[in-house]
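> Starting off with a structure, shown below.
The values are calculated or read from the model by the stated rules, or taken from the named source; none is laboratory data. Because the structure is predicted, anything quoted here is derived from the model rather than measured. Positions of Cβ are backbone-derived with ideal geometry, glycine not excepted, and every protein chain shown enters the neighbour counts. Heads up: the accessible areas ignore ligands, DNA and RNA and are worked out on the full protein's heavy atoms, side chains in. Shrake-Rupley method; radii C 1.70, N 1.55, O 1.52, S 1.80 Å.
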Amino acid sequence: MRPETVRLLGTAAAALALAAVTACGQLPPAAAPLPPGATASAGTASPGPEPSTAASAGPTAPAGSAAPAGTPASKTVPACDAVLKARQAAVAAIAPVAAVLAQPGRPHDVLAKATNDLNTAYTAMHVGVAGAAELTADPKLKAQISAYQLAVEQAIVAVEGSDGDQSKLAAVIELPATRSAEKAVVAACA
């Protein structure tokens, strides 16, 4: 098997593991409703507030919302929050790498660390964006998030194919496809 295939499979496995950890850590498990007349024992009481049946009743907007009834706005906000959070975390992780790559003639060990840091940042971003796509019922937003996810995947492949070349690593940060997909999602979530 080719080394780049092995790396890509390793990245995919890490992304899946990170997705599982992220999903388990961010979203509380849905509590099954108790049958009528049943009471929760001390060992089964759920922490936090009781979920509202109005919020899960369908695509209508919650009371007091500016969105008209029948719109998927109530399901768009969690998706936007998740994708923007993943983007913000990636931007924070990529900024120091970009600063290092802006300095000419970096030694091999510094470029190896930059490669690993970029790969980690884009992989985490990929996982966050993929999870965000599952949080919306809006087909247009879902398509934009999916396009962003694909652009991030392409960035991961570009990082792995850079072979530690400083100019190639710097170019990954400015990939037009990633920037374009990012702008579309940010505009849709604004």
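> Scan the range 125-135 and give yes if some residue there is more than 18 Å from the chain's Cα centre (by Cα), open to solvent by 40 Å² or more (accessible area, probe 1.4 Å), of a type in the set (Asp, Glu) and modelled with pLDDT of 50 or more, otherwise no. Give the steps one after another, and end with the answer.
Just the residues of the range 125-135 that are more than 18 Å from the chain's Cα centre (by Cα), to begin with: none.
No: the range 125-135 contains no residue that is more than 18 Å from the chain's Cα centre (by Cα), open to solvent by 40 Å² or more (accessible area, probe 1.4 Å), of a type in the set (Asp, Glu) and modelled with pLDDT of 50 or more.
> Let me ask another. Among LYS142, LYS168, which is the only one that is farther than 21 Å from LEU84 by Cβ, among the basic types (Lys, Arg) and touching a Ser or Thr at 6+ places or on another chain (Cβ under 8 Å)? If you could, list the steps in order and put the result at the bottom.
Values: LYS142 fails: farther than 21 Å from LEU84 by Cβ.
Testing whether each residue is farther than 21 Å from LEU84 by Cβ, among the basic types (Lys, Arg) and touching a Ser or Thr at 6+ places or on another chain (Cβ under 8 Å) leaves just LYS168.
> With GLN103, GLN149 as the choices, which residue is outside any helix (DSSP H, G or I) and either open to solvent by 30 Å² or more (accessible area, probe 1.4 Å) or modelled with pLDDT under 95 (or both)? Working first, answer last.
On the way: GLN149 fails: outside any helix (DSSP H, G or I).
None of the other options fit; the residue is GLN103.
> Look at the range 152-166 and say how many of its residues are part of a helix (DSSP H, G or I) and within 19 Å of HIS126 (Cα to Cα). Lay out the reasoning, then the answer.
From the range 152-166, those part of a helix (DSSP H, G or I) are 152-160, 166; that's our starting set.
If we keep only those that are within 19 Å of HIS126 (Cα to Cα) too, we end up with 152-160.
Residues in the range 152-166 being part of a helix (DSSP H, G or I) and within 19 Å of HIS126 (Cα to Cα): 9 in total.
> Quick test of your reading of the structure: LYS183 fulfils all but one of (1) surrounded by 18 or more Cβ atoms within 10 Å (Cβ to Cβ); (2) without any contact (Cβ under 8 Å) to a residue 24 or more places away in the chain; (3) not small (Gly, Ala, Ser). Name the failing condition by number.
Result: LYS183 passes all but (1).
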